[in-house]
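Below you will find the structure I want to go over with you.
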Amino acid sequence: MKLFQRFYLLILLIVIFLSVLFPSFSFGVDNMRLFRIGTGGQTGVYYPIGKIIAQGITSTNISIEEAGTNITRVIISTAQNSGGSLANVQAITAGEIEAGLIQADVAAWAFNSKHAFKNNDKVRDIRAIASLYPEKFQIVTRRDAKINNVNDLRGKRISVDEVGSGTLAVMRIILETHGLNEKDLKPVYLKPVFTHDKIVSNELQGFVMMAGAPMEAVTQLLSTGISLVPIKPEVASMIESKYPYLVPGLIPADIYPGIPDTPTIQVHALLVVNRAMDEELVYKITAALWNEQTLSILKKGHPQGKSITTDTALVGISIPLHPGAKKYYQKHTNRFSSKQ
């Protein structure tokens, strides 16, 4: 209960702040409706991107009338840390958050009740608003650990991300494809934000993360001396043949200064909601995502934000669009009218 009270107090302070800065935001807390976006760890990419999207949604001053009432509420959006894609799927379908950033492969698993969601029909209710950007699987290791390929991870102390993360789910696939499993490593289950000091002190030899590049957790370690472990294109193709939304990718040279081209696998990050969400609200949220103000702060606010454009809004989407999002694309962007 204390956690909820702190969260509510934080939102109240945000409302007061917005009311001072923008008179149009002058409304009572009772007339506010939260739109919570599940993200990931603070030093990944989901969290900063989620914060910017939440900022864009809030600044659009969306209002929605609650069904069966004459009450109109203003939407206040906020980004929340989470365990990642799997945890966001569970939270969306449980009604604990309104939206979440989710890997396309994890979304497909949920919609089809496969892999981590086998026999769980409830999670099939997720629907997409948009594809945001491609995420790269990044295996980050200390250079002096001499880890040149995935098989060299054997016996090393590596953080494989939290249980409930999309990163861990993909890491298990990568290990399996190389004839390994978690027991062949000395695995630690931490978000990258909690690995920095342990890698600097050599308590950990590395960490893995499925995220956009560049990622703060990696740039913070450049002075320590790090390497990115490649996933060979032929291995990436093998993975794609079994998991269609995990495709061969590349982390280009000097995305992280001094680190060369690194082949890997990638997947698109999706913004996802529950299919039960009001169609009008989703339409307005989609419009807020793609308005000029939100796109501008995305480009300025994070390097990965430049990749978020209407040109790729439906690229790599692995689940059906929410009707509200579909309505937006059909109305505002002709080239999308025949899709989904």
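The values are calculated or read from the model by the stated rules, or taken from the named source; none is laboratory data. Only a predicted model underlies this, so the values are computations on that prediction, with no experimental measurement involved. Using ideal geometry, Cβ is built from the backbone for each residue, glycine included, and neighbour counts are taken over all protein chains shown. SASA here: full protein model, heavy atoms, side chains in, ligands and nucleic acids out. Shrake-Rupley method; radii C 1.70, N 1.55, O 1.52, S 1.80 Å.
When DSSP beta bridges are limited to those with both residues in the chain, what percentage is antiparallel, rounded to the nearest 5? Walk me through the numbers before you get to the answer.
On the way: 31 of 46 bridges.
Counting DSSP beta bridges with both partners in the chain, the antiparallel share is about 65 percent.
May I pose another question? Return the long-range amide H neighbours of residue 226 (sequence gap of 5 or more, or a different chain), with a cut-off of under 5 Å between placed amide H atoms.
Result for residue 226 returns 143.
So what is log10(I(q)/I(0)) for the stretch 225-272 at q = 0.13, 0.17, 0.18 1/Å, when the Debye sum runs over its Cα atoms only?
One equal scatterer on each Cα of the stretch 225-272 leads to -0.35, -0.55, -0.60.
If a/c stays under 1.5 just call it rounded; otherwise compare a/b with b/c (prolate if a/b is bigger, oblate if not). Do that for the stretch 203-254, with a ≥ b ≥ c from the square roots of the Cα gyration tensor eigenvalues.
Details: a/c = 2.33, a/b = 2.10, b/c = 1.11.
Taking the square roots of the gyration eigenvalues as a ≥ b ≥ c, the stretch 203-254 is prolate.
Over all distinct Cα pairs, what is the inverse of the mean 1/r for the stretch 134-195, reported as the Kirkwood hydrodynamic radius in Å? Write down the numbers at each step before the final one.
Numbers: mean 1/r = 0.0830 Å⁻¹.
Computed over the stretch 134-195, the radius equals 12.1 Å.
Quick one: grab the alpha carbon gyration tensor of the stretch 228-340, order the square roots of its eigenvalues as a ≥ b ≥ c, and give me rounded if a/c is under 1.5, else prolate or oblate depending on whether a/b is larger than b/c.
oblate
Given a cut-off of 25 Å, name the pairs among 118/183; 242/299; 183/232; 146/242 whose C-alpha atoms lie farther apart than that in the structure shown. Each step should come with its number before you reach the end.
On the way: 118/183 23 Å; 242/299 34 Å; 183/232 22 Å; 146/242 30 Å.
Beyond 25 Å between Cα atoms: 242/299; 146/242.
Give the peptides 207-214, 324-331, 248-255 in descending order of average Cβ contacts within 10 Å, highest first.
Ranking, from highest mean packing down: 207-214, 324-331, 248-255.
To continue, here is another question. D for the chain, whole µm²/s, Stokes-Einstein with Kirkwood Rh over alpha-carbon pairs at 37 °C and 0.692 mPa s: what number? Working shown, then result.
Working: Rh = 20.7 Å.
Answer, rounded: 159 µm²/s.
Can I ask one more? Would you pull out the residues with amide H under 5 Å of residue 251's amide H, same chain only if 5 or more places away, H placed 1.01 Å from N?
Excluding prolines and chain starts, which carry no amide H, the hits are 262, 264.
Related question: Roughly to the nearest percent, how much of the accessible area of the chain is carbon and sulfur, given a 1.4 Å probe? Don't jump to the answer; show the numbers that get you there.
Details: 7830 of 15160 Å².
About 52 percent, which is the carbon plus sulfur part of the accessible surface.
Sort the stretch 46-86 into rounded, prolate or oblate with this rule: let a ≥ b ≥ c be the square roots of the eigenvalues of the Cα gyration tensor; rounded if a/c is under 1.5, and if a/c is not under 1.5, prolate when a/b is larger than b/c, oblate otherwise.
On the way: a/c = 4.52, a/b = 1.94, b/c = 2.33.
Oblate shape, in that a/c is at least 1.5 and b/c is the bigger or equal ratio.
If you don't mind, there's one more thing I want to ask. Tell me the per residue accessible area of the chain using a 1.4 Å probe; a whole number in Å² is fine. All intermediate terms of the calculation are to be shown ahead of the outcome.
Details: 15160 Å² over 340 residues.
Ligands and nucleic acids excluded, the figure is 45 Å² per residue.
Just to be sure I understand the rule: take each whole DSSP H helix in the chain, project its Cα atoms onto its long axis, keep it if the span is 18 Å or more and its mean Kyte-Doolittle hydropathy is at least 0.0. Which ones pass? Intermediate results must be reported in sequence, preceding the final value.
On the way: long enough: 2-21 (29 Å, 2.15); 46-59 (19 Å, 0.42).
Answer set is 2-21, 46-59.
Which lysines have a Cα less than 25 Å from the Cα of residue 300, not counting those fewer than 8 places away in the same chain?
By straight Cα distance, residue 300 reaches 51, 136, 284.
Oh, and also: Pull up the cross-link candidates among the aspartates and glutamates for residue 326, meaning alpha carbon to alpha carbon under 19 Å and not fewer than 8 places away within one chain.
98, 125, 278, 279, 280, 311
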